[in-house]
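Structure first, then comments.
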Amino acid sequence: MTVVAPAALAAGTESDAPTSSRRPGGRPGIPAALGLVPFAAYVLCFLALPTLLAVASGFVDDDGSFTLANLAALGDPVILQTFANSAWLSALTAVVGAVIGALACYALLGLEHGRIRSLVDAASGVLAQFGGVMLAFAFIATIGLQGLVTLWLRDTFDIDIFAEGAWIYGLPGLILPYVYFQVPLMIITFMPAMGALKPQWAEANLTLGGTRAGFWRHVGVPVLAPSFLASLLLLFANAFSSYATAAALASQGSQIVPLQIRTALTSETMLGRENLAGALALGMILVMAVTMWLYSIVQRRAARWQR
């Protein structure tokens, strides 16, 4: 029969006590949820509260009384055409940017993590955020009415790209600038999915007598399709909510919803319609909410292949 000393028993009892509430240094641990406080405060002050105020303004009139007249204006043909223009521009630039970006990712897939790969990653991170006045000026200086490329084509090849009008300052003129920042955004979001393709899958395909085209048809494309669709939705949302580039380039007119909101807030000919901006913002939020909901669904499916 073994006799356990009281001191040893006490020591064993202390060592078996739960230590989850203590740090290695012996100090009580800080709840992990406290780490979310700065982010929660940021979201509340700069996202949730402004969104709530903007949407609420669409339900009141100039006197502060509740009204649905602003929401009824969403059925106006001009407003509906503005939403259609935004959806068309966003969808077109998202598809073009997604295809070009996916091809760039495929080209980078064969490169090791060297200087070229790092350079493309860094450039994509910068160019994806390059917009607003700087991007508008770059395109005006390049292909504007007196732009460098415009004059070169006109003087050298007698080609006038503005023979049908100054399209660069209208809705068609927003396509190239939007594609400019959509492509690097696609590279950033889609490259991790391309990198998740395991070399063993291609080797197994070749071992079983498969071809490169067969690998992409039966393995590569089905695996990458959810990630591609998720990136496509993200690009659509990015273009639909963009304002600065369009405001700087298309200074006249309100062809898309963000510019229509600007007109409702600043126009000198639409007095008393400031609250219409809140109704337009509500329409944009609904479109973005549906897009992000679809994105979350597709992203959950894509995440299964990136673990």
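The values are calculated or read from the model by the stated rules, or taken from the named source; none is laboratory data. Owing to the predicted nature of the structure, the values given are computational and were not obtained by experimental measurement. Ideal geometry is used to build each Cβ from the backbone, glycine not excepted, and the neighbour counts take in all protein chains shown. Calculation scope for accessible area: heavy atoms of the full protein, side chains included, ligands and nucleic acids excluded. Shrake-Rupley method; radii C 1.70, N 1.55, O 1.52, S 1.80 Å.
Before moving on, here are some points about what is shown:
- Selection over segment 228-254 of residues that are closer than 11 Å to Ser86 by Cβ and either at pLDDT below 90 or among the acidic types (Asp, Glu) (or both) gives a count of 1.
- Screening Thr82, Thr93 for residues that are more than 18 Å from the chain's Cα centre (by Cα) and open to solvent by less than 70 Å² (accessible area, probe 1.4 Å) leaves exactly one candidate, Thr82.
- Filtered residues of segment 50-68 (kept if over 32 Å from the mean Cα position of the chain (by Cα), surrounded by 11 or more Cβ atoms within 10 Å (Cβ to Cβ) and either in a helix (DSSP H, G or I) or of a type outside the set (D, E, K, R) (or both)): Thr67
- Of the criteria (1) closer than 30 Å to Thr82 by Cβ; (2) assigned to a helix (DSSP H, G or I); (3) of a type in the set (A, V, I, L, M), which one Val221 fails: (1)
- Conditions (1) of a type in the set (Phe, Trp, Tyr); (2) open to solvent by less than 60 Å² (accessible area, probe 1.4 Å); (3) modelled with pLDDT of 90 or more: number failed by Trp88: (2)
- Contacts under 6 angstrom Cβ, first residue in segment 196-208 being under 14 Å from Val221 (Cα atoms), partner open to solvent by less than 90 Å² (accessible area, probe 1.4 Å) and of a type in the set (Val, Ile, Thr), 6 or more apart: Trp201/Val219
- So Thr263, is it in a helix (DSSP H, G or I), out of contact with any Leu (no Cβ under 7 Å at 6 or more places or on another chain), β-branched (Val, Ile, Thr) and open to solvent by less than 70 Å² (accessible area, probe 1.4 Å): yes
- Of everything in segment 137-158 that is open to solvent by less than 80 Å² (accessible area, probe 1.4 Å) and in a loop (DSSP other than H, G, I, E, B), the residue that is nearest to Thr93 (Cα to Cα) is Gly144.
- Within the set Ala107, Ala122, Ala163, the sole residue that is at pLDDT below 90, among the small types (Gly, Ala, Ser), open to solvent by 30 Å² or more (accessible area, probe 1.4 Å) and in a loop (DSSP other than H, G, I, E, B) turns out to be Ala163.
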